[in-house]
Amino acid sequence: MSHCCRALLLVLLSLCTAHHSSAVESGALDRHSERAITLLRDAISRQTVHGEGNVPAYAESLREVFLSAGFEPESLTLVPYRETASLVVRYAGDGSSGRQPILFSSHMDVVPADPDSWLRHPFELQEDETFFYGRGVLDNKFDVTILTTLFVWLKESGFVPNRDLIIAFTGDEESFQETVQQLTRDHRELIDAEYALVVDGGGGVLDDSGAAIQFQVGFAEKTYATFAMTAKNPGGHSSMPRADNAIYDLARAIQRLEAHTFPVETNEITLTYFARTAPFLNNEVGDAMARLVADTGDAEAIATLRAQPQYVGTLGTTCIPTMLSGGHAENALPRAVSAIVNCRIFPGHTPTEILRELQKVTANPDLEWRVVGVPVTSPASPFNNEIMAAIAASLEPIHPGLPIVPKMGSGTTDGAYLRAAGIPSYSLTGIFINPKDSFAHGLNERVPRAAISESLLFWRAMIDQLATTQSRSATN
Ligand SMILES: [Zn+2]
């Protein structure tokens, strides 16, 4: 963001928050943005990939940052787990709202990156005029840095929230997602909250001209489940073929899967997503979204949307074969042949239900089925008007009138475990980015430089909305 643009933004923000006690002065924003860049630089230099054992030292360094900002040692808990760890930070409120805490969560680990294939070294913060680059600069060390800086800023300014605010930084979101489970299972008292804001994913979407077109909030995630389907056969020598063959059996089953589609399903989240996305597409896909919202049985609209890989998953459960293996010699009849079938299950169904449906569709009782890994089923989080109103008010000075769009994710993040543990969770970030620029998990991951100050302002405003008494009485 240019300097004049930011000055305007600060004026707008202070006008908008004039009824709060905490209008932001620009010196403070600059100071804390600088601090955030220093923290981000340190974060990127730590290779917190699975198996390297570097997360605990990163967590300890963040603990030091909170300590020097004035947090009591008792409010900071480092929870070790195998080679990794979580850090839980409690910002004590005065309890005046009588409400349960708000939990903020992000993750300290990153997916691996091979320095040889990157243009810039992935574990050094690199920058140009527009972007910061580095592994984790978007997913998710950016938001770890912003939340840390936000809490330090609030603490240094003497702010006391009207309810406790809790940060949970987890340590293995990109691999096994066991640290979040450890927290919900063994340390519930540390993280128990009315709801969680999972600061990872979601957030502002920019179009190719750099204009903000919508702000996404994750309300639900599909269940990720993988099944192995195996055809077995007594086998024999290929010079003496038998009529039955494991490859034929498996091929028939796969063809039946190909011909099968799961029923169309919608919920409040996906219908609102379609309704609010349709006007921006301005093409036949947008028309199909609008028609589906008007009539969820519109077959033509369904066919149009199903033909789009980015939208088919929003219409119901999908299952697709992804891997094949089998046979043991070119001159032997195969004794076992397997296909891996990966499913993304629409909220409201269990993996067992879907497995039964797959068994019915493939119509061969001799096939053997196995669940691969442990699928996590989580309910959709209920609509929360307080959070939606807080987001709208916090965006107003930056992007007035921006549509806020609920989303259903098709992967599994820490949020799924929080939801499964009964803590409604909403995924959002203060980052505005063109999806084409994100490169999360990929090469040359980047984040717009402007996101630092914009995110700090956004979250500062969110705290005003959600955890100060003035704003509650103003909005109630
Ligand atoms: Zn992430």
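The values are calculated or read from the model by the stated rules, or taken from the named source; none is laboratory data. Just so we're clear, the structure is a prediction, and the values are computed from it rather than from any experiment. Here Cβ is always computed from backbone atoms with ideal geometry, including for glycine, and neighbour counts include all displayed protein chains.
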Could you list, in sequence order, the residues of segment 128-148 that are closer than 30 Å to Thr468 by Cβ and more than 14 Å from the ligand (Cβ to nearest atom)?
Thr148
If only one of Val152, Val144 is among the aliphatic types (A, V, I, L, M) and more than 22 Å from the chain's Cα centre (by Cα), which one is it?
Val152
Look at Ile387 and say whether it is crowded, with 18+ Cβ neighbours inside 10 Å, within 24 Å of Pro279 (Cβ to Cβ) and in contact with a helix residue (DSSP H, G or I) (Cβ under 7 Å, 6 or more places away or on another chain).
no
Quick one: Asn233 ticks every box in (1) crowded, with 18+ Cβ neighbours inside 10 Å; (2) touching a strand residue (DSSP E or B) at 6+ places or on another chain (Cβ under 7 Å); (3) under 23 Å from Gly411 (Cα atoms) except a single one, so which number is it?
(3)
For Pro406, which of the numbered conditions (1) more than 16 Å from the ligand (Cβ to nearest atom); (2) surrounded by fewer than 18 Cβ atoms within 10 Å (Cβ to Cβ); (3) within 30 Å of Leu315 (Cβ to Cβ) fails to hold?
(2)
I'd like the full set of residues that are part of a loop (DSSP other than H, G, I, E, B) and farther than 15 Å from Ser381 by Cβ, limited to segment 178-198.
His187, Asp192
With Arg252, Arg256, Arg291 as the choices, which residue is surrounded by fewer than 17 Cβ atoms within 10 Å (Cβ to Cβ) and in contact with a helix residue (DSSP H, G or I) (Cβ under 6 Å, 6 or more places away or on another chain)?
Arg256
State whether the residues of segment 214-227 include one that is touching a His at 6+ places or on another chain (Cβ under 9 Å) and among the charged types (D, E, K, R).
no
Given the criteria in a loop (DSSP other than H, G, I, E, B), in contact with a Gly (Cβ under 6 Å, 6 or more places away or on another chain), crowded, with 20+ Cβ neighbours inside 10 Å and among the basic types (Lys, Arg), does Arg163 qualify?
yes
Selection over segment 115-146 where residues are of a type in the set (Ser, Thr, Tyr), surrounded by fewer than 24 Cβ atoms within 10 Å (Cβ to Cβ) and not in a loop (DSSP other than H, G, I, E, B) yields a count of 2
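A quick yes/no check of all residues on (1) among the β-branched types (Val, Ile, Thr); (2) within 16 Å of the ligand (Cβ to nearest atom):
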position	(1), (2)
Val88	yes, no
Asp114	no, no
Gly171	no, yes
Val180	yes, yes
In segment 90-107, what count of residues is obtained for those that are more than 16 Å from the ligand (Cβ to nearest atom), within 14 Å of Asp192 (Cα to Cα) and either not in a strand (DSSP E or B) or not aliphatic (A, V, I, L, M) (or both)?
6
Members of segment 149-169 that are more than 16 Å from the ligand (Cβ to nearest atom) and among the hydrophobic types (A, V, I, L, M, F, W, C)
Leu150, Phe151, Val152, Trp153, Leu154, Phe159, Val160, Leu165, Ile166
Quick check: is even one residue across segment 208-227 away from the ligand (no atom under 16 Å from the Cβ), modelled with pLDDT of 95 or more, surrounded by 16 or more Cβ atoms within 10 Å (Cβ to Cβ) and assigned to a helix (DSSP H, G or I)?
no
Hits in segment 308-321 (condition: over 17 Å from His349 (Cβ atoms) and either modelled with pLDDT under 95 or crowded, with 18+ Cβ neighbours inside 10 Å (or both)):
Gln308, Pro309, Gln310, Tyr311
Pull out all pairs, ordered by first then second residue, where Cβ-Cβ is under 6 Å, the residues are six or more apart or on different chains, the first lies in segment 140-154 and is closer than 18 Å to Ser438 by Cα, and the second is more than 14 Å from the ligand (Cβ to nearest atom).
Thr145/Ala36; Thr145/Leu39; Thr145/Leu40; Ile146/Ser455
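Conditions tested, residue by residue: (1) in a helix (DSSP H, G or I); (2) modelled with pLDDT under 95; (3) buried (at least 18 other Cβ atoms within 10 Å of the Cβ).
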residue: Leu12; (1), (2), (3): yes, yes, no
residue: Asp30; (1), (2), (3): yes, no, no
residue: Leu40; (1), (2), (3): yes, no, yes
residue: Tyr58; (1), (2), (3): yes, no, yes
Before we move on, is Ser427 within 16 Å of the ligand (Cβ to nearest atom) and on the phi < 0 side of the Ramachandran plot?
yes
Contact list please: Cβ distance under 8 Å, first residue in segment 99-126 and among the basic types (Lys, Arg), second residue part of a strand (DSSP E or B) and away from the ligand (no atom under 16 Å from the Cβ), pairs at least six apart or on different chains.
Arg120/Gln126; Arg120/Tyr133
Return yes when Pro122 is touching a His at 6+ places or on another chain (Cβ under 9 Å) and either closer than 16 Å to Ile44 by Cβ or not assigned by TED's automatic domain parsing to the domain that holds Ser45 (or both) and no when it is not.
no
